[in-house]
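Have a look at the structure below before the remarks.
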Ligand code: TRP
């Protein structure tokens, strides 16, 4: 059989039988260990089993008015980081939101069925409005509508996102249901949150003693972080005054350091420090030094790959072009169906 015919044809059939996964990230900072173990590592696994779309939500990031330079470097950074983490542009569709104008078109249509009251009641809107009272723009209000457009345009079945995005996903389901009902169609399948199974589910704690690692909490270690900076950050991590009796229960800040250690260090290392802790002989300085070195050993190869990829503009451009092409093909298919349903098809 003609191998060219074979590959393209069967690739399509093969893709058709797979469920679609989609997730996006705003280009507003570096990926950190929490992003990696909480999400990106699972994306890498999912790309073989699902028809995956991973994109950079650059239009969403405009709500906070970045300068053109910041926007450009942010997009480039996330793209390089996705690739450095192992997302494969041959397996998954990696694209930049603004490269797919169909999304903005669907956003305009969906806005007609999104109501002021429900948008104003969204938790993230209320939070942002409080944080930036001088910039409560319409894009902020309709953020969930654009996000729904992102998801629905590719008819995603699963959206792997964190807890903070659950309400936005709920809104996407609501807009999809409303549209389907209004036009008596089933163009939009209802997107479900994707929760990773127990083994994949790692909550990475921050270095500030409580809670999880987050971009805006200032407690994160970035994948792109310089080893010197990692050592500094880890040495500054919150601890306590040390155990006073054998086998004492650990306080949250100390438990967090052990959790980080379980993620990046060997089981022997963890057991070693656990034993010292239980014998009240632990020196947190030693634990931190070891933890810092193990984090560096883990992030260093990723950091090197990020640096290499950032220098290769032609590769980045090729990936973005390929992704945009695949994403537009999928998006325009849905958009045509939507337009037909709405009544934009002309009979004259
Ligand atoms: N709102 C998401 C965040 O801030 C990013 C995002 C935009 C997204 N569109 C999406 C996530 C679609 C999943 C699906 O993290």
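For this structure, a couple of remarks:
- Test: residue in the range 170-186 that is in contact (Cβ under 8 Å) with a residue 60 or more places away in the chain and either touching a strand residue (DSSP E or B) at 6+ places or on another chain (Cβ under 7 Å) or not assigned by TED's automatic domain parsing to the domain that holds residue 334 (or both): no
- On inspection, residue 150 passes the criterion of being crowded, with 20+ Cβ neighbours inside 10 Å and either away from the ligand (no atom under 16 Å from the Cβ) or farther than 25 Å from residue 297 by Cα (or both).
- Output for the range 154-193, where each listed residue is near the ligand (Cβ under 10 Å from one of its atoms) and part of a loop (DSSP other than H, G, I, E, B): 154, 156, 160, 161, 162, 191
- In summary, residue 102 fulfils each of the numbered conditions (1) closer than 25 Å to residue 156 by Cα; (2) assigned to a loop (DSSP other than H, G, I, E, B) with the single exception of condition (2).
- Meets criteria (within 25 Å of residue 65 (Cβ to Cβ), away from the ligand (no atom under 12 Å from the Cβ) and touching a strand residue (DSSP E or B) at 6+ places or on another chain (Cβ under 8 Å)) for residue 220: yes
- Test: residue in the range 114-134 that is free of Cβ contacts under 8 Å to residues at least 60 places away in the same chain, within 12 Å of the ligand (Cβ to nearest atom) and not in a helix (DSSP H, G or I): yes
The values are calculated or read from the model by the stated rules, or taken from the named source; none is laboratory data. Just so it is clear, the model here is predicted, and its values are computed rather than measured. In this analysis, Cβ positions are derived from the backbone assuming ideal geometry, glycine residues included, and neighbour counts consider all displayed protein chains.
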